[in-house]
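Worksheet: the structure to be examined is printed underneath.
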Amino acid sequence: MRLKAILLLCLLAPMAFGQVILNEVLYDNQGTDDTGILYTEIYGPAGTNLAGWSIVGINGNGGAVYLTVNLTGTIPDDGYYVVGGANVPNVDQVSPHDWQNAGSVDAVSCDGLDLRNNSGQTVDHLCYGQCDADDNCTGEGGTNAPDPFPSQGVNYPVARIPDHSDTDNNGTDWASADSQSPGAPNSGEPCDPLNVVLEEIRENDDMGVPALLGQFVVVRGIVNVNNYTIDSLTESNFFIQDDNAGVNVFRGSVPAGLAEGDCVEVSGWVGQFNGLTEIITSGAGNCTFAVDDLEETGTISPLVLTGASFLEAFEGMLVEVRNVTIVGGDPWPSGGGQNANVDVTDGNGTLTIRFDGDSQAGTAPQPSGPFTVRGIVTQFDNSSPYTEEYQITLRYPTDVITGSAVGDDPIAVAESFTLVNSYPNPFNGIANIEFSVGSAREINVTITDVLGREVYTNNLTNLAPGMHRMQWSPEGAAGLYFVRATSGATMQSTKLLYLK
């Protein structure tokens with residue numbers, strides 16, 4: 001299956017951009033069991049339809065269901081949906097209920113809540129209180145949330161602190177809160193993610209720094225290297241890509257068995273390390289790093305580059321360069337566990353291939369003649385501006401392909417050109433449109449207005465591999481314009497905002 005077909009499946013999957021979770025629970029109050037003031041708060045993506053969903057009370061003594069609250073309605077724009085008594089502030093669904101209180105001052109016990117979707121699947125599980133020998137309520141991560149009632153006073157809820165943090169560990173995520181906040185953040189500012197595509201994450205300023213540096217983003221892509229392959233540590237280090245861009249996902253807990261070809265949704269902060277753009281696990285705000293495996297799998301075909309290709313445009317993506325020979329750099333590694341930077345050329349330009357000591361790529365024998373190299377475009381530039389020191393990092397020993405193992409299959413030559421940058425944007429005079437050319441020799445550029453009317457066209461011919469720039473000065477009204485570049489079966493587009 002080709003990358004575009006796989007990515008389409010990935011993008012057409014339901015775009016939840018985060019999970020629906022239990023976020024705060026006031027499950028008992030001292031003395032009266034007044035269901036008019038008790039509540040359960042849910043947090044999730046705005047607009048999520050909760051019809052058919054339910055909150056289910058689980059008795060920790062035996063594990064039986066003792067109460068089910070059926071949900072209706074949709075999650076509001078602020079993400080908080082409150083179910084409870086009529087006297088609860090910000091209540092969205094009046095459904096009075098009284099969850100069990102997990103013991104007393106005289107005896108420990110534990111009880112649980114399941115949040116189940118409209119297919120009956122448990123999407124979140126909260127277990128609170130200390131279980132005694134006869135109880136069997138085990139929370140996520142093998143630990144339970146605390147039981148604030150009744151030892152900490154009247155009407156203490158349990159809440160996720162930081163707000164809607166979800167590490168799949170009840171003991172880490174949940175705490176006894178000294179104030180009630182139904183329909184509002186539990187502490188600090190709520191998470192406000194940017195739902196983006198990889199191309200937006202990879203957009204840099206003139207110094208090679210990501211424009212979204214430090215922002216919390218949610219993005220989808222295809223994994224192009226098995227997790228842990230290029231890093232021996234137990235936390236994640238892999239790359240994802242789509243048809244236009246790629247990025248490193250660095251550290252954090254991820255689903256077990258994450259592998260090349262998986263479609264994933266990643267939530268995290270945009271970072272940078274020695275020029276390499278990353279999605280990392282920590283940053284400002286009450287957001288939570290997460291990787292959700294959406295289970296669509298297939299094979300990624302590498303983009304075929306030349307030694308003259310502009311590698312910045314392909315950072316984080318799986319690429320291939322054919323008919324290369326060694327011209328310098330470090331000696332070819334003699335086995336796994338060795339770092340090496342080997343310089344090669346295909347006659348068009350020189351590239352560096354990177355053998356990371358944490359991978360087994362170094363076990364590939366050194367070719368005696370021209371060969372093909374496959375890997376992920378990475379960067380290790382330790383000084384600003386971050387515009388140099390690109391590498392092709394090998395993943396597996398099979399990324400070194402000798403002899404006729406790779407033919408001249410034209411279908412595999414996916415790379416022809418890419419739109420790199422349009423600036424300034426917005427602009428009020430002349431716009432610069434930059435693009436990188438690999439195998440393409442002729443590109444048609446068309447610009448249309450918001451009504452679809454063509455205002456500019458140019459057929460660029462006899463293009464050499466490398467960077468090119470064209471300028472455009474509109475003659476029409478101010479507003480939004482669409483740039484479309486086409487070569488053969490490849491089309492890319494971008495937007496320009498013209499201000500007078």
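No value in this document is a laboratory result; all are computed from the given coordinates. The model shown is predicted, which means the values in this text are computed figures rather than measured ones. Glycine gets a Cβ as well: all are built from the backbone with ideal geometry, and neighbour counts include every protein chain shown.
Ranked by the mean number of other Cβ atoms within 10 Å of their residues, highest first, the peptides 37-47, 450-460, 160-170, 364-374 fall in the order 37-47, 160-170, 364-374, 450-460. Here is how the number arises for the chain: DSSP H runs of 4 or more residues each give -39500 (n - 2.57), the sum is divided by the residue count, and the result at 222 nm is -1000 deg cm²/dmol.
Farthest toward the positive end of the dipole of the chain, out of Asn224, Val56, Ser109, is the Cα of Asn224, where the dipole comes from beta carbon charges about the Cα centre. Evaluated at q = 0.11 Å⁻¹, the base-10 log of the normalised Debye intensity for the chain, with identical point scatterers placed on the Cα atoms, takes the values -0.96. In region 291-347, inverting the average of 1/r over every pair of distinct C-alpha atoms gives 14.2 Å as the Kirkwood radius. Peptides 109-118, 250-259 ordered by packing proxy, namely the average of other Cβ atoms within 10 Å per residue, highest first: 109-118, 250-259. Net charge dipole, the chain: roughly 1880 debye, given to the nearest 20, about the Cα centre with Cβ charges of +1 for Lys and Arg and -1 for Asp and Glu. How far is helix 3-12 tilted off the main Cα axis of the chain, in degrees rounded to 10, range 0 to 90? The two axes meet at around 30 degrees.
What is the projected area of the convex hull of the Cα atoms of region 21-176, averaged over all directions, in nm²? Mind showing how you got there, number by number?
Details: hull surface 33.9 nm².
Seen from a random direction, the Cα hull of region 21-176 projects 8.5 nm² on average.
For the peptides 351-360, 173-182, residues were scored by their other Cβ atoms within 10 Å and the scores averaged per peptide; the highest-first order is 351-360, 173-182. Given bins 5 angstrom wide, list per bin the percent of all Cα-Cα distances in region 303-412, short to long. In order of increasing distance, the bins hold 2, 13, 24, 27, 20, 10, 3, 1, 0 percent. Computed from point charges on the beta carbon alone (+1 for Lys and Arg, -1 for Asp and Glu), the dipole magnitude for region 21-176 about its Cα centre is near 260 Debye.
For region 417-498, the Cα gyration tensor yields ellipsoid semi-axes of 22, 13, 10 Å (square root of five times each eigenvalue, largest first, whole Å).
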